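Student: I'd like to ask some things about the structure below.
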Amino acid sequence: MVVYSIGFGLCDIGFAYTINTKLKSDIVGSGKSGNIKDPEADKKKISQDDKAKAIKEKERMLASKKKMIEGVKGIVRFAETDLDGTKKLANALLKVKGVGWATALAFTNAAGIDRNALAGTLTDEQLAKLEQVVLNPTNFGIPAHLLDRRADPVEGGAKHIVSSVLAITKKTDTDSMKKIHSYKGVRHELGLPVRGQRTRTSFRTGMVVGVQKAKLGAAAKPAVPGAAPGAPAAPGAPATPAPAAGAKLGAPAAGAKPAAAPAPAAPKKEENKK
């Protein structure tokens, strides 16, 4: 039984070996590797294809952007500020001091210019009209609640201040408040917050933060009995002998005369009552 089992096992091994070698020879002979699919190889191939597509798309976008930027001014001078000509008009106006997003949209609408147009494509006439809108917004129907100077104390009325005039106006207002010694002016002079903020934890600049403990010096022992602590002995005075052991402080020495009793104080004269 043992011999027959060994023989059948060897036959099975040989049959399996022949089938495996035949399959390999068929695959190699055909020259086609796609008969057996490798998932990792497919993933690598797909990732490489995606990268190639992304690179081509980026090159196409750069080429279209270069074509679009041709003939566009790189820097546009507007309201004493250099604007980026490659940006959209509404975004480019944000670089001007005193112009925010809401006012930029209002200015472009009042001037009749597309806010999505590139700033470098505007003509000189369009820039001049837009500057007039920024300097005199009330003449073009812009509401007063969008302006930064609604009640001017000198000229009166509402207006919008931009660029360097804004910094000069702020400094003038601060100086005038300091000159009349108003509450806000005094706070400006002291460098403290003006609008009622707390100063316990905020605006603590220019001072030492924390608590400093005072250094206490060691109290010196008095050189003369009855003298104040730390008082030095008089120069040339004889040294006071130390009291004997067990003797009471302040008791007279043996053989010494007792000190004279102090004189009684003179009675005060009572003032005559009226």
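Student: Output wanted: per-residue J couplings in Hz (rounded whole) for region 146-151, from phi through Karplus 6.51 cos²θ - 1.76 cosθ + 1.60, θ = phi - 60°, x for Gly and Pro.
Tutor: Working through the residues one at a time gives 8, 8, 9, 9, 7, 9 Hz.
Student: For region 143-198 and region 77-136, what is the separation of their Cα centres, given in Å?
Tutor: 26
Student: What is the calculated FRET efficiency for residue 101 to residue 151, with r their C-beta to C-beta distance and R₀ = 25 Å, to the nearest 0.05? Write out the running numbers ahead of the final one.
Tutor: Details: r = 24 Å, r/R0 = 0.95.
That pair, residue 101 with residue 151, gives E of 0.60.
Student: Also, I was wondering about something else. Using the Karplus curve 6.51 cos²θ - 1.76 cosθ + 1.60 with θ = phi - 60°, what ³J(HN,Hα) values do you get for each residue of region 177-191, in whole Hz, with x for Gly and Pro?
Tutor: 5, 5, 5, 8, 6, 6, 4, 5, x, 5, 5, 5, 5, 7, x
Student: Next up: Where does the charge balance sit around residue 175 when Lys and Arg score +1, Asp and Glu -1, over other residues with C-beta under 15 Å from its C-beta?
Tutor: Once positives and negatives cancel, what remains is +4.
Student: By average Cβ neighbour count within 10 Å, what is the ranking of 113-126, 184-197, 78-91 from highest down?
Tutor: 78-91, 113-126, 184-197
Student: Near residue 103, within a Cβ-to-Cβ distance under 14 Å, what is the net charge of the other residues, with Lys and Arg +1 and Asp and Glu -1?
Tutor: Values: positive: 95, 97, 115, 149, 150, 159; negative: 131, 148.
Neighbour charge sum, excluding residue 103 itself: +4.
Student: Could you work out how much longer the chain between residue 58 and residue 167 gets when fully extended? Use 0.36 nm per residue separation minus the Cα distance between them, nm to one decimal.
Tutor: Here the segment from residue 58 to residue 167 would lengthen by 34.9 nm.
Student: Could you tell me which residue out of 143, 86, 105 lies farthest along the dipole of region 65-166 toward its positive end? Charges go on the beta carbon: Lys and Arg +1, Asp and Glu -1, centred on the Cα centre.
Tutor: The residue sitting most towards the positive pole is 86.
Student: Under a 5 Å amide H to amide H cut-off, with H placed in plane at 1.01 Å, what residues pair with residue 149 once short-range neighbours are removed?
Tutor: Here 159, 161 satisfy the definition.
Every number in this text was worked out from the coordinates using simple rules, so none of it is lab data. From a predicted model like this one, the values you see are computed outputs, not experimental measurements. Heads up, the Cβs are rebuilt from the backbone with ideal geometry, glycines too, and the neighbour counts pull from every protein chain shown.
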